[in-house]
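Peer 1: Structure in structure tokens, see below.
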Amino acid sequence: MKTARFTMALTLIFLLAAQATPMPPARAMSNDIAARIKRIEGALEPAVPIKGEPGWSIHDRMRHYKVPGVSVAVINDFKVEWVKTYGVKDVETNEPVTETTLFQAGSISKPVAAMTALKKVEQGKIALEEDINKWLTSWKLPDNEFTAKKKVTLANLLSHSGGLTVHGFPGYKPDAKIPTLQQVLDGAPPANTAAVRVNMEPGTRFRYSGGGTTIAQLAIMDIEKKPYPQIARETVLAPLQMTNSTYEQPLTPEWRKRAASGHKASGQVVAGKIHVYPEMAAAGLWTTPTDLAKFAIEVQLSLQGKSNKVLSKAMAERMLTPYVDENITPGFFLERRGNAVYFGHGGADEGFRAQLSVHRDKGYGAVVMVNSDSAQIIGEIFRAIAREYQWEDYAPQPVEPASLEPGRLEEMEGRYRINPDRVLTIKRQGAGLVATPNQGPPFELVPVVGDKFVRRDAAIQYAFVKEPGGAVSGLSIRAPNGETQARRIPATELIPHEQLLAGKLDEAAEGYRRIRKEQPTNVAVSEERLNQLGYELLRQKRVDAAVTVFKLNVEFNPNSWNVYDSLADAYLEKGEKELAKKNYEKSLSMNPDNANAKQKLKEPGKN
């Protein structure tokens, strides 16, 4: 079964306005804001800005990333200071995006749902630190050996610390049969994700789980005996005047007229225009940047005791207090930048990306939403806003470019082994270098002062290591989370992944076995990574290579039902129906709730 991964990148921004400064006349403020917006629109910048290089135009970057529509709201002094939209709702209709155009919020649905749940805690209808099964009546979370000592609580569900499975949800095409919430949680047809279960002791560590958020949704519905969209509207959306927001899934015709369509990274509309998410609390909110800004402002004001439209100051503080992990709270992600603390959340639904980010204690922040799978433009917009408003400890410092002789650049060309199954191939291009990983797109390396190189798209620094004689022997890669040393290797030294692509399947298998023996915890041979690699090979129509990888995953993880399910998928693709059936049945014997195996065994001609 495919592992759903959503990239969760958290970009956090914002500005301090001097509250004691008298407000200028409305006309002067309007002109000042208009000038700021114009500067921001022409100053989008990469993650690592190069000194002296001009910024990008928002319109150019929309064309570059094939993003049809963008909507932006900026918060200043605890108010929505300005909102602006760009582009179209749908490339087929060319209807323009407006301030009231609805976008799918993806996982930004979660903090709004968390506020809904925490209000029920304040009302005494549910407890944060007790077994969630006490309030679940239409379905129960199965107990097992992992819940013997600790039960899963609402606090666990809201902070992703319940030890629960199912990272995220892909949604359903509008014409597909939509499962009930109970079917989603059990992984039962027509659900397209696995059962949500505890497979790690609750409260031990953070692991993102949209499945856990879905359990919280059902608990609130069981308590209130109402549809979730109604509960959220009465509890949070209406009190905060979020009039352009709804958890309705699917959208009613009236709401749909106001909503954007999702688009792939290629710029094409997704099949069916939008996806439907019965997992409303986890991924089902339709909204605008303005409404999300209202939500964020309310949290900021509640923390200061200046507003309690939904939560008290004490509960708002609880919502922003780390739980189990120092950067995860019941509802938000925290990011510390120097002396500043920001809270926010990213969102990714099919054809949509979004980011909400605000300062914890000061009245500034922003929300950006796009109707595209291309998310990079969001960070570029945030950095432009941060630079213009001089937000505290946020905007990266521009680096000084350097000029190197072509001969020196050519000395650095070669292959560098980053980990046992990852190689960067570096070649000279113009005045810099281009690095191409064995898995992933190429990226530019720009020379900077100090004989180092930087990427424009990520805060990562590269330094070439030389032997005493002056020959380049390796590469030192420094990222925010640590430093990696990469050895220079000859063209004849292939890593296992390259052997797979070259058709040397037995050699590749032995290579992965060797990694497993020498470095059993290395991510290169983790169950999740091998599972993803196998499906990537299937998409490339390298079926024999995929079978090799999935068989290794079974060898390495014989007690995992998912590895047998994935191997069965590969055998089915290869036309080995008996082997596929055998492995689906093995997977089902280990996990009777495996919806994928059930469906495949029922399909005519597939067994």
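Peer 1: Can you report the number of residues in region 502-520 which are part of a helix (DSSP H, G or I), surrounded by 16 or more Cβ atoms within 10 Å (Cβ to Cβ) and either in contact (Cβ under 8 Å) with a residue 60 or more places away in the chain or out of contact with any Ser or Thr (no Cβ under 8 Å at 6 or more places or on another chain) (or both)? Steps first, please.
Peer 2: The first filter runs over region 502-520 and keeps only residues part of a helix (DSSP H, G or I), leaving 505-518.
This time we only want the ones that are surrounded by 16 or more Cβ atoms within 10 Å (Cβ to Cβ), so: 505, 508-509, 511-512, 515-516.
Now restrict to residues that are either in contact (Cβ under 8 Å) with a residue 60 or more places away in the chain or out of contact with any Ser or Thr (no Cβ under 8 Å at 6 or more places or on another chain) (or both): 511-512, 515-516.
Matching residues across region 502-520 total 4.
Peer 1: Give the residue, chosen from Val88, Val67, Val112, that is of a type outside the set (S, T, N, Q) and either closer than 18 Å to Leu356 by Cα or touching a Phe, Trp or Tyr at 6+ places or on another chain (Cβ under 7 Å) (or both). Explain how you work it out, then say what you get.
Peer 2: Details: Val88 fails: either closer than 18 Å to Leu356 by Cα or touching a Phe, Trp or Tyr at 6+ places or on another chain (Cβ under 7 Å) (or both); Val67 fails: either closer than 18 Å to Leu356 by Cα or touching a Phe, Trp or Tyr at 6+ places or on another chain (Cβ under 7 Å) (or both).
Val112 is the lone residue from the list that is of a type outside the set (S, T, N, Q) and either closer than 18 Å to Leu356 by Cα or touching a Phe, Trp or Tyr at 6+ places or on another chain (Cβ under 7 Å) (or both).
Peer 1: Identify the residue in region 292-335 that is open to solvent by 50 Å² or more (accessible area, probe 1.4 Å) and of a type in the set (A, V, I, L, M) and, among all such residues, is nearest to the chain's Cα centre (by Cα).
Peer 2: Val324
Peer 1: Let me spell it out: the conditions are (1) out of contact with any strand residue (DSSP E or B) (no Cβ under 8 Å at 6 or more places or on another chain); (2) at negative phi; (3) in contact (Cβ under 8 Å) with a residue 12 or more places away in the chain, and Pro253 meets all of them except one. Which number is the exception?
Peer 2: (3)
Peer 1: Something else: Look at Leu579 and say whether it is open to solvent by less than 30 Å² (accessible area, probe 1.4 Å), touching a Phe, Trp or Tyr at 6+ places or on another chain (Cβ under 6 Å), part of a helix (DSSP H, G or I) and aliphatic (A, V, I, L, M). Walk me through it before giving the result.
Peer 2: Numbers: open to solvent by less than 30 Å² (accessible area, probe 1.4 Å): no; touching a Phe, Trp or Tyr at 6+ places or on another chain (Cβ under 6 Å): yes; part of a helix (DSSP H, G or I): yes; aliphatic (A, V, I, L, M): yes.
Spelling it out, it is not the case that Leu579 is open to solvent by less than 30 Å² (accessible area, probe 1.4 Å), touching a Phe, Trp or Tyr at 6+ places or on another chain (Cβ under 6 Å), part of a helix (DSSP H, G or I) and aliphatic (A, V, I, L, M).
Peer 1: So, one more: How do the strands (runs of 3 or more DSSP E) wholly within region 412-462 filter down when requiring 2 or more residues that are within 21 Å of Asn481 (Cβ to Cβ), touching a residue at least 60 places away in the same chain (Cβ under 8 Å) and open to solvent by less than 20 Å² (accessible area, probe 1.4 Å): which remain? Break it down into steps so the answer makes sense when it comes.
Peer 2: Numbers: elements: 414-419, 422-429, 432-437, 443-448, 452-454.
Per the criteria, 422-429.
Peer 1: How many residues does region 528-550 hold that are out of contact with any helix residue (DSSP H, G or I) (no Cβ under 6 Å at 6 or more places or on another chain) and open to solvent by 20 Å² or more (accessible area, probe 1.4 Å)?
Peer 2: Keep residues of region 528-550 that are out of contact with any helix residue (DSSP H, G or I) (no Cβ under 6 Å at 6 or more places or on another chain), which gives 528, 532, 535-536, 539-542, 544.
Pick out the ones that are also open to solvent by 20 Å² or more (accessible area, probe 1.4 Å) and you get 528, 532, 536, 539-542, 544.
Matching residues across region 528-550 total 8.
Peer 1: Identify the residue in region 472-484 that is touching a residue at least 12 places away in the same chain (Cβ under 8 Å) and open to solvent by less than 60 Å² (accessible area, probe 1.4 Å) and, among all such residues, is nearest to Ala47 (Cα to Cα). Give the steps one after another, and end with the answer.
Peer 2: Keep residues of region 472-484 that are touching a residue at least 12 places away in the same chain (Cβ under 8 Å), which gives 472-480, 484.
Still in the list and also open to solvent by less than 60 Å² (accessible area, probe 1.4 Å): 472-477, 479, 484.
Details: Val472: 28, Ser473: 28, Gly474: 25, Leu475: 21, Ser476: 20, Ile477: 16, Ala479: 13, Thr484: 20 Å.
Ranking the qualifying residues of region 472-484, first place goes to Ala479.
Peer 1: Any residue in region 58-74 that is acidic (Asp, Glu), on the phi > 0 side of the Ramachandran plot and out of contact with any helix residue (DSSP H, G or I) (no Cβ under 9 Å at 6 or more places or on another chain)?
Peer 2: Start the filter on region 58-74 by keeping residues that are acidic (Asp, Glu), which leaves 60.
Retained after the next criterion (residues that are on the phi > 0 side of the Ramachandran plot): none.
No - not one qualifying residue is present in region 58-74.
Peer 1: Can you tell me which residues in region 156-207 are of a type in the set (Ser, Thr, Tyr) and open to solvent by 20 Å² or more (accessible area, probe 1.4 Å)?
Peer 2: Filtering region 156-207 down to residues of a type in the set (Ser, Thr, Tyr) leaves 159, 161, 165, 172, 180, 193, 204.
Result: Thr165, Thr180, Thr204.
The rows are residues; the columns are (1) part of a helix (DSSP H, G or I); (2) modelled with pLDDT of 95 or more; (3) over 20 Å from the mean Cα position of the chain (by Cα).
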{"site": "Lys151", "(1), (2), (3)": "no, yes, yes"}
{"site": "Asn156", "(1), (2), (3)": "yes, yes, no"}
{"site": "Gly162", "(1), (2), (3)": "no, yes, no"}
{"site": "His167", "(1), (2), (3)": "no, no, no"}
{"site": "Ala176", "(1), (2), (3)": "no, no, yes"}
{"site": "Gln182", "(1), (2), (3)": "yes, yes, yes"}
{"site": "Leu185", "(1), (2), (3)": "yes, yes, yes"}
{"site": "Pro189", "(1), (2), (3)": "no, no, yes"}
{"site": "Thr193", "(1), (2), (3)": "no, no, no"}
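Peer 1: Now for a different question. So which of Leu136, Leu128 is touching an Asp or Glu at 6+ places or on another chain (Cβ under 7 Å) and modelled with pLDDT of 95 or more?
Peer 2: Details: Leu128 fails: touching an Asp or Glu at 6+ places or on another chain (Cβ under 7 Å).
Just a single option satisfies the conditions, and that option is Leu136.
Peer 1: Are any of the residues in region 564-577 under 23 Å from Val423 (Cβ atoms) and under 29 Å from the mean Cα position of the chain (by Cα)? So that I can check it myself, show each step before the final result.
Peer 2: Of all residues in region 564-577, those under 23 Å from Val423 (Cβ atoms) come to none.
No, region 564-577 has no match at all.
Peer 1: Are any residues in region 306-354 free of Cβ contacts under 8 Å to residues at least 24 places away in the same chain, among the β-branched types (Val, Ile, Thr) and in a loop (DSSP other than H, G, I, E, B), and if so, which ones?
Peer 2: Thr321
Peer 1: Hey, any hits in region 14-30 for a residue that's at pLDDT below 95 and either on the phi > 0 side of the Ramachandran plot or buried (at least 18 other Cβ atoms within 10 Å of the Cβ) (or both)? Steps first, answer last, please.
Peer 2: To start, the set of residues in region 14-30 that are at pLDDT below 95 comprises 14-30.
Those left that are additionally either on the phi > 0 side of the Ramachandran plot or buried (at least 18 other Cβ atoms within 10 Å of the Cβ) (or both): 14-15.
Yes, region 14-30 contains a residue that is at pLDDT below 95 and either on the phi > 0 side of the Ramachandran plot or buried (at least 18 other Cβ atoms within 10 Å of the Cβ) (or both).
Peer 1: Before we move on, is Val523 crowded, with 18+ Cβ neighbours inside 10 Å and among the β-branched types (Val, Ile, Thr)?
Peer 2: Values: crowded, with 18+ Cβ neighbours inside 10 Å: no; among the β-branched types (Val, Ile, Thr): yes.
No.
The values are calculated or read from the model by the stated rules, or taken from the named source; none is laboratory data. Small disclaimer: the values here were computed from a predicted structure and weren't measured. Cβ atoms come from the backbone with ideal geometry, glycine included; neighbour counts cover every protein chain shown. Ligands, DNA and RNA are excluded from the accessible area calculation, which covers all protein heavy atoms including side chains. Shrake-Rupley method; radii C 1.70, N 1.55, O 1.52, S 1.80 Å.
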